[in-house]
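Written out below as structure tokens is the structure these notes cover.
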């Protein structure tokens, strides 16, 4: 296994000429350790010997010469890797159809971020009735059980119901308990969605 380059250089005799001289003024040792040129030019490097890279590191201050506002702005931008971010269009986020599509694509909203204040409020300012929230959640669950998208018509619901019943009927699954549980869920989902169609 090859030894690290810095160790190899230290182990070589003093007679060997260094590959790269140390950038520290007046130093004749080999420049083995890489260090940035300055906090404004961190992608450009100088090479220092062990003694001088230690001195460089102990004196290093990335924010040297920056005022408090510049430091705070840098720290804030660092949260997003210094890439721009945009606030989502609030009308889209608060739109009920968007929330339903998001939930039915398997992306839940357990903290209520898609609502105005996370506490179940309408875009117009009034509260969403608890019954409406529950009904919407049941409808999402029923669509998920039958693997349907929002807005499925009665024909699509019946067709998917028949397919699911055939797939999980206990008589066709040697009395498997999981198949029986699945059948019970499929029947519940079908009733829930067909009640919605006639409501």
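We did not get these values from a lab; they are worked out from the coordinates using the rules stated. Since the structure is predicted, the reported quantities are computational estimates derived from the model, not experimental observations. Don't worry about glycine lacking a Cβ; one is built from the backbone with ideal geometry, like all the others, and counts go over all protein chains shown.
Here are some notes:
- Whether the range 144-199 is rounded, prolate or oblate, judged on the alpha carbon gyration tensor where a/c under 1.5 counts as rounded: prolate
- Projecting label points 7 angstrom from Cα along Cα→Cβ for residue 187 and residue 147 puts them 2.2 nm apart.
- The modelled label-to-label distance between residue 61 and residue 19, using points 7 Å beyond Cα along the C-beta direction, is 3.4 nm.
- Using the Cβ-Cβ distance between residue 135 and residue 171 with R0 = 30 Å, the FRET efficiency computed as 1/(1 + (r/R0)^6) comes to roughly 0.35.
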